[in-house]
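The values are calculated or read from the model by the stated rules, or taken from the named source; none is laboratory data. Because the structure is predicted, anything quoted here is derived from the model rather than measured. Cβ: placed from backbone, ideal geometry, glycine included. Neighbour counts: every protein chain shown.
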Amino acid sequence: MTRKPAKARTTPAPRRRPGDDPQHGRALLRCRLLTRLTEDRLVRLYHQGRISGGVYTSRGQEAIGAATAAAGGPDDLYAPLIRDMTVHIGRGEPVLDIFRHYLGRVTGPMKGRDGNVHYGCLARGVYPMISHLGAMLPVVTGAVLARRRQGRPTVGFAYLGDGATSTGDFHEAVNFAAVFDAPVIFVIENNQFAYSTPTARQFRCANLADRAAGYGIEGLAADGNEALDLFQLTRGLVERLRARPRPVLLVCDTMRMRGHGEHDDFAYVPRDLLARYAARDPLDLARARLSAAGALTAAAAARLEQECLAEVDAACQQALAEPPPDPATLTEGVYAAD
Amino acid sequence: MPLTETTLVDAIRQGLRRLLRERPEVLLFGEDIGAFGGAFKATLGLQEEFGADRVFDTPICESAIFGAAIGMATQGLRPIVELQFVDFGMTAVHQLLNNAGTMHYRTGVAVPMTVRAPCGGGISGGPFHSEELEAFFCHMPGLKVVYPAFPADARALLVSAALDPNPVIFLENKYLYRHVKEWLPDDWEPIPLGEAQVCRPGNDAVVLTYGAMVHEALRAAEQVEQDGAGTVMVLDLRTLKPLDTDAVLAAVAATNRALIVHEGWRTGGFGAELAALVAERAFHLLDAPVVRLTAPDMPVPFAPELEKAYRPGADSIRAALLDLLEY
């Protein structure tokens with residue numbers, strides 16, 4: 001089978017846009033860079049056999065988590081999904097804890113009781129996902145409703161992929177949130193594939209944002225690779241939902257640039273599709289935009305990368321040296337004590 | 001102290017009312033439980049008394065109900081949700097298995113939620129309104145499972161279930177809702193989870209059971225005694241998980257013959273767990289093989305004649321006891 005040659009697509013010349021704040025732009029870039037370097041290291045550890053189970057990266061999708069994590073305030077809740085390491089890092093998860101977690105260390109946030117993408121920190125308002133797609137959506141909806149009852153102005157971010165929009169939990173949760181005016185932003189990361197299944201086999205509607213009308217809520221479509229635009233959009237959205245609580249569907253177009261996990265060669269993904277999105281890599285877009293705005297020199301970009309790499313190196317080395325859980329603790333914590 | 005005649009469903013309502021009154025973090029939600037008072041009227045009057053903010057209806061969405069309760073429980077509330085029938089919970093059981101049951105082990109964060117679920121047959125509910133699913137819930141890590149047989153136990157255990165820091169499945173036998181009554185005082189204390197109760201003493205055999213079958217077993221034991229075949233202890237387990245293994249083993253040690261009765265299905269039913277426990281820990285005490293009397297492995301039938309044949313009752317328990325005592 002021959003593939004059509006990748007269609008060359010040039011990145012539109014970045015220009016400084018109104019509302020661009022260099023400080024925000026640099027913070028969002030740092031979050032994505034730290035994520036990519038962390039994930040690259042995790043992939044290496046996985047292929048070296050030092051990480052058990054699997055590694056699932058967010059490559060190509062880093063902008064969505066970075067932007068939406070930065071858009072929330074300290075009281076907001078997040079339920080990130082598989083490809084949302086930028087949400088974790090953006091909400092304060094130390095890279096060291098991510099390495100500890102992937103390595104199954106007792107020092108990690110889940111103490112070795114769960115692995116890879118299943119982590120979070122409820123004290124920081126980040127729910128650890130379970131593997132069942134859509135399952136976290138009603139959980140974060142309930143959590144947000146609880147916070148509102150307690151008089152806190154919490155807004156929730158619940159993440160899912162294009163594939164999870166086919167689940168019953170998606171329908172139940174969005175409808176539930178709509179009926180109860182729960183201020184939850186359902187962030188649909190349309191990365192074109194659910195494992196090996198393309199969107200054409202997942203849904204028939206032209207645009208997932210159109211589904212919002214069926215729930216009587218607002219639906220928005222956004223470019224998932226332009227972090228700064230998405231940040232500005234969601235920051236405004238958060239303020240609107242705080243003032244008038246209600247759920248919103250936010251559909252972000254993006255592309256999963258690797259396989260489902262590192263075990264997957266993703267031969268089923270058309271190469272021209274990958275090439276099209278490779279030309280819109282969220283880190284490249286960010287660097288170009290900051291640079292065009294005069295907010296990031298080549299030297300500063302290199303320095304940032306060195307800083308992030310040093311952080312990753314140190315975290316990785318420390319986590320590797322830390323102990324695994326003691327098998328004697330196997331059943332500890334199945335139940336909460338009175 | 002004056003006593004009031006109290007049905008099981010009245011007792012459950014009393015438990016809910018006490019929780020709502022004493023615990024501001026308790027809230028109730030589910031399908032048709034608000035002004036309507038629930039399919040079995042367990043919540044009747046509670047919305048009026050405590051407000052639509054704390055007692056409210058939801059759409060028909062068991063998974064979102066469970067999921068929202070999990071989220072609320074992790075944020076300081078104590079949600080008590082009602083399944084209209086336990087049968088309907090199976091559309092959403094993954095939330096209990098995967099989210100509620102794993103949360104504390106994975107994260108150290110407790111999930112103090114209670115799922116109230118009417119279950120069991122005897123009312124011609126047919127295949128989808130009569131299921132008895134305690135074995136499914138008991139199989140799931142991280143959950144507790146409570147199944148009272150008497151009004152006094154129901155209200156006292158419900159309070160303990162709701163105040164437990166773990167997810168608790170609270171099973172309510174819908175046949176018993178209005179068929180069992182006790183004269184109860186207005187004042188009462190919670191009963192800890194995990195404690196079985198001997199509700200009839202006996203020396204020659206024990207019936208290990210719970211739910212509606214406790215009452216059938218009590219009738220059967222009475223008849224067997226009148227038959228002059230022996231005296232039969234009835235042990236009401238009350239909590240299935242954590243199981244009061246000490247009480248089960250003590251009952252077997254005292255009687256040396258054990259009949260296990262439940263109205264759930266046989267294969268992989270909770271009786272299999274009880275039989276295994278007795279075989280593992282009390283084999284040397286037995287004078288006869290452990291016997292199980294259960295529903296057959298089949299859908300719950302509708303016609304009263306078929307359902308009567310399907311469901312264990314005082315007559316079939318008596319026959320099983322006579323065989324066991326003769327062994």
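Specify which of the listed residues (A:A302, A:A315, A:A288) is more than 14 Å from every other protein chain (Cβ to nearest Cβ), surrounded by fewer than 16 Cβ atoms within 10 Å (Cβ to Cβ) and in a helix (DSSP H, G or I).
Just one listed residue meets the conditions, A:A302.
Here are the criteria: (1) over 22 Å from A:G224 (Cβ atoms); (2) out of contact with any strand residue (DSSP E or B) (no Cβ under 8 Å at 6 or more places or on another chain); (3) crowded, with 20+ Cβ neighbours inside 10 Å. Tell me which single one A:H132 does not satisfy.
(3)
Just checking, does the stretch A:134-153 include any residue being more than 21 Å from B:P59 (Cβ to Cβ) and of a type in the set (V, I, T)?
No: the stretch A:134-153 contains no residue that is more than 21 Å from B:P59 (Cβ to Cβ) and of a type in the set (V, I, T).
Anything in the stretch B:191-201 that is part of a loop (DSSP other than H, G, I, E, B) and surrounded by 18 or more Cβ atoms within 10 Å (Cβ to Cβ)? List them, or say none.
Of everything in the stretch B:191-201, those that are part of a loop (DSSP other than H, G, I, E, B) and surrounded by 18 or more Cβ atoms within 10 Å (Cβ to Cβ) turn out to be B:I191, B:L193, B:G194, B:A196.
Here is a check on your reading of the model: is B:E48 away from chain A (no Cβ under 14 Å) and surrounded by fewer than 22 Cβ atoms within 10 Å (Cβ to Cβ)?
In short, yes.
One residue is enough: does the stretch B:168-190 have a residue meeting the conditions among the polar types (S, T, N, Q) and not in a strand (DSSP E or B)?
Scanning the stretch B:168-190 turns up no residue that is among the polar types (S, T, N, Q) and not in a strand (DSSP E or B).
Pairs only if they're at least six apart or on different chains, beta carbon under 6 angstrom, first in the stretch B:276-295 and more than 25 Å from B:G313 (Cβ to Cβ), second of a type in the set (A, V, I, L, M, F, W, C) and in a helix (DSSP H, G or I); list them, first residue then second.
B:R281/B:L249; B:A282/B:L249; B:A282/B:V252; B:L285/B:V252; B:L285/B:A253
Got a number for residues in the stretch A:254-274 being under 20 Å from A:R36 (Cα atoms), surrounded by 15 or more Cβ atoms within 10 Å (Cβ to Cβ) and not basic (K, R)?
Of the residues in the stretch A:254-274, 10 are under 20 Å from A:R36 (Cα atoms), surrounded by 15 or more Cβ atoms within 10 Å (Cβ to Cβ) and not basic (K, R).
Looking at the stretch A:313-327, I want the residues that are closer than 12 Å to A:G108 by Cα and have a partner that is modelled with pLDDT of 95 or more and surrounded by fewer than 13 Cβ atoms within 10 Å (Cβ to Cβ) with Cβ atoms under 9 Å, at least 6 apart or on another chain. Which pairs are those?
Within 9 Å, no pair qualifies.
Quick one: which residue in B:L143, B:L157, B:L83, B:L133 is away from every other protein chain (no Cβ under 14 Å), in contact with a Pro (Cβ under 6 Å, 6 or more places away or on another chain), at pLDDT 95 or above and within 27 Å of B:A196 (Cβ to Cβ)?
Going through B:L143, B:L157, B:L83, B:L133 in turn, just one is away from every other protein chain (no Cβ under 14 Å), in contact with a Pro (Cβ under 6 Å, 6 or more places away or on another chain), at pLDDT 95 or above and within 27 Å of B:A196 (Cβ to Cβ): B:L157.
Could you go through the stretch A:154-165 and let me know if any residue there is at pLDDT 95 or above, farther than 19 Å from B:T91 by Cα and more than 16 Å from the chain's Cα centre (by Cα).
Checking the stretch A:154-165: at least one residue is at pLDDT 95 or above, farther than 19 Å from B:T91 by Cα and more than 16 Å from the chain's Cα centre (by Cα).
Could you list, in sequence order, the residues of the stretch B:246-278 that are exposed (fewer than 15 other Cβ atoms within 10 Å of the Cβ) and within 24 Å of the chain's Cα centre (by Cα)?
B:D246, B:T267, B:G268, B:A276
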